Structure formats: C-alpha cells, structure tokens
Amino acid sequence: MSSKRLLSVHRTFAFRLTLWYAGIFLFSAAVAFAFFYFLITSTLRGRTDQDLLSEVRSFASLMALQGVEAVKRQALLESQAAGEKKIFVQLLYPDGRLFSSSNMSYFRNIPTSIEAIGRMLEQKEPLFATVSSPDHRHEVRVVYALLGPGLIIHLGQSMDELTRFIEAFQRIFVFTMAALFAVAAAIGWFMARRALAGVENVTRTARRIADGRLAERVPFGNKGDEIDQLAVTFNRMLDRIQGLVNGIKEMTDNIAHDLKSPITRIRGQAEIALTAGGSTADLENMAATAVEECDRLLEMINSMLFISRTDAGVTQPELEEIDIAAVIRDACGLFQPLAEEKRIALTWDAPEHIAMKGDIRLIQRMLANLLDNAISYTPTGGWAKVSLRLNPDRSLLIVVGNSGVGISEKDLPHIFERFYRGDPSRSHPGAGLGLTFARAVARAHGGDITASSSSAGSTFTVSLPAHA
C-alpha cells in the first residue's frame, strides 16, 4: 500500500471507528486481566500466609508439649525437608537477639525487624511482612509470632513460585493483548466498513452527479436503518434538484420563446421603416407597434422580478385600508366590455362594503389576471362569475369561476408554476405568468390561492386575511 493511500486511510471515519472499537475492547480486556491478576495474587499470598500461620501453630504446640529443644530440632528438620532455599526458621529473644536459627546462607540478607517485633508484641497477634532481598529477584514472606514467654519465632518462606507465576502472567498478558488488539482491529475495521458502506454509496453517487449524471440514485436496502434513511432522503433531494433543473431548463426555453416573438416583430418593423420609405403615418404606426411590444416585454420582466422578489421575501406590499368589494366591482366593470364582445355573461356577487388592508395596485392586477383567464378560456355563450364573502374567522374568500373547458388533471398541479402553459403549442396569448403572479400577490398579503376544475369549468379561490 502506497504512503498516499495509507495516509488517506488514516483520515477515514472507518479508521477512527476501528481505533475506538479496538481501544475500548483492549481497555476492557486489560481491566479484566488486572482484576484476575489481583484476585490470583491475593489468593496466592493468602495461601502463603495460611501456610506460615500453620507452621507457627505447629511450633507453638511443640513448644508447649516438649520444650524449646524440640522446637530447635524441628526447625532444622523443617528447613532441611523443604529446602534451605525455601524456608528459614529463627528463634529470637524479644529484644531481637538470635537464640537459634536454621541455615541462613541463602537468606543471609533478610534482616530482623525490631520494629515488627515490637508491633507484634503490642498487638499480641502474628505479624506478617514481605521482605525484598538485593541478592534475589523474588520476595520473601515472613511472620513474627510469640512461641512462649520470652521466645519469638521468625519464620520466612520464599515467594519464588508467586514471582514465576507473575512473570508468566505478564508474558501471557503482553502476547494476549497484542493478539486481542489485532483481532479487535480486524473486527472493528470489518464492522466499520460494513456500517459505512451506505455512506460510501452516497459519496460515489454524489461524485457521479458532480460529473453531470443527474439521473444517478443511491441504492438502499430494506433494513430501514439510519443509512437507508440517509439514502432515501438523499434520493428525494436529488429528485427535487432534478425537478428544479428541469424546471429551469423549461423556463429558459419558455423565456426564449416569449422574448423571441416580440423582438422579431420589433426588428421587422425597424427593417421595414429603414428600407420601405413609407409615409409619416406608416412610420408612426410602426413606432407605436414597437412601443407596444416593448411594453409587453417590460411587463413580463417586471412580473418575473416581482414574483422572484416576493418569493424571496424582499418585496413587501404597501398596505393601506381598501374596500375590496368596490375593487371587485370596478374590476368586473372593466372587463365587462370584453365579456360582452365574446357574448359571455360576467356577473359578480359582493357585499356593499368590506374593508381590508392591502396593496390596491397588486390586488387589482391579481383580479385582472384571474378575470382575463376566466374570460379567455370560456367559450362563446358561457359565463364567468366573481363572488366575495367574509368568513366567521374574518378571512376573505374571493372565488372566480367560469364555464370553460376546464383544466386537465395533468396540468392542474402545475398551473401556478412560472411560464407553465397547458397549451404546448402556446397558441393562446400570454407568457404563462398570470397565475404565478396572482399567487405571489395572495401570499404577499398572508393568503393563498387554490384551483379546482372539472369538465364544467374551473374555479379559483383566493383566501386573504381581512387585516393583512
């Protein structure tokens, strides 16, 4: 594995998880080993103390039955039988002077503690101690006990077996810890890689998407765990992004189409004015047509800016108290000639007066867009109606309906989108911003607009707070 590859592995989350897992596992194993080490060594020391205490009792019984000479003989026999490197026996006076002793050549550097003798006499109980010798790498366990009046036994036993056990235990501990660390690291790496496999899928998919493959999606299983939920959420985000990208592409195409026609007409009029050499009246008509086309372009651009700024919360309506009932009546009166021209019955139903706070200019444009749609998509001989009512919660409902051809189920969810046209041929006039603008106005006033449709016609319902 190259150094660059190794460095990249060290930076991975899987590597850090592996270290945490192995470290915790190793710490737990070390705690368990330490507990057993303490338990075993305590047990072995306890057994040594019991053996020494048993010897003291044996010598005390012999002292009581046969006297000190028998104790001296028994001490030599015990030392020789066990081995002069295993135990030693000394008989002492209370001041620490030696009365009798076994062969001390191996234990010559084991001192007699006057302080220990004093404490033993004060406590009147056997006193245990652990003594280290500079000549030996193992320790010696000793006991001071009173055998009889004026005679103390100093009995010691080598702890070489315990020392060898501890050394063997330490070697086993080191090798076991190394093996456990390797096993824990391998298991931790496997588990971390397995747990993070879903994250790697997300990363690979994100890289492919960054290369322009927006149709890519993250595969996921049926476990329903956090990784699957991440994958599902990521896929939903990708669906949303792809929908927005497709919408931007479609909107760009629509803008290009809607800008191309008036610009082409303006250019055509200008070319005619330059080449035809017509009369002053013809030039004035061409100029008027160009101004009209420019006004259409400016209106579309201003509508787009208003919708964008309203959606972003930048543009706020200029609120003032208005009579919404009078605004509706005026709007219907304005569109009455257009309805009569198409032989459409335009009616309205509104109370005499209902006050609300709103931007009258924006409310008028919203109503104009709804009425223009209602009349444009109603066949000759049909009807269009506007009604206004005040709900008990003080909210206003403006309902604009017609007997038109209706809106298909496929188009209905998209009619408030920018530049969306239910007519793919775009044969009807307009830029596809009217309903989007109307919804932006309603939401800017704290309300909203909904649509419903059937084969008998369409209905748009605007809800507005009476005091926005």
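Just so you know, all these numbers are worked out from the coordinates, no wet-lab data involved. Just so you know, these numbers come straight off a predicted model, no measurement behind them. Ideal geometry is used to build each Cβ from the backbone, glycine not excepted, and the neighbour counts take in all protein chains shown.
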Positive-end residue, the stretch 304-376 charge dipole about Cα centroid, Cβ charges, pick of Ala331, Ala368, Ala355: Ala368
Order by protection proxy (mean Cβ within 10 Å, highest first), peptides 338-346, 325-333: 325-333, 338-346
For Trp383, distant residues with modelled amide H under 5 Å away: Ala345, Ser403
Asp95 paired with Ile263, simple spin-label distance in nm, labels 7 Å along Cα-to-beta-carbon: 12.5
Inter-label distance, nm, simple model (7 Å from Cα along the C-beta direction), Ser54/Asp228: 6.5
Hydrodynamic radius by Kirkwood, which averages 1/r over all alpha carbon pairs of the stretch 25-135, in angstrom: 16.4
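What full-extension length gain, to one decimal in nm, is calculated for Val399 and Gln66 as 0.36 nm per residue of separation minus the Cα-Cα distance? Show your work: numbers first, answer last.
Details: separation 333, 0.36 × 333 = 119.88 nm, distance 12.54 nm.
Contour length minus Cα-Cα distance gives 107.3 nm.
Can you tell me the dipole magnitude for the stretch 300-379 around its Cα centre, using point charges on the Cβ only (Lys, Arg +1; Asp, Glu -1), in Debye to the nearest 20? Intermediate values should be presented prior to the final figure.
Details: 7 positive and 12 negative charges, 59 e Å.
Here the size comes out at about 280 debye.
Can you tell me the dipole magnitude for the stretch 51-119 around its Cα centre, using point charges on the Cβ only (Lys, Arg +1; Asp, Glu -1), in Debye to the nearest 20?
Values: 8 positive and 7 negative charges, 19 e Å.
Magnitude of the dipole: close to 100 debye.
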Burial ranking of peptide ranges 392-398, 156-162 (average Cβ count within 10 Å, highest at the top): 156-162, 392-398
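I need the calculated FRET efficiency for the pair Leu338 and Glu200, taking r as the beta carbon distance and R₀ as 51 Å, to the nearest 0.05.
On the way: r = 63 Å, r/R0 = 1.23.
It comes to 0.20.
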FRET efficiency estimate (nearest 0.05) - Cβ-Cβ, Ile187 to Asp411, R0 56 angstrom: 0.45
From phi via Karplus (6.51, -1.76, 1.60), per-residue ³J(HN,Hα) for the stretch 70-81 in Hz, x at Gly/Pro: 5, 5, 4, 5, 5, 5, 5, 5, 4, 5, 5, 5
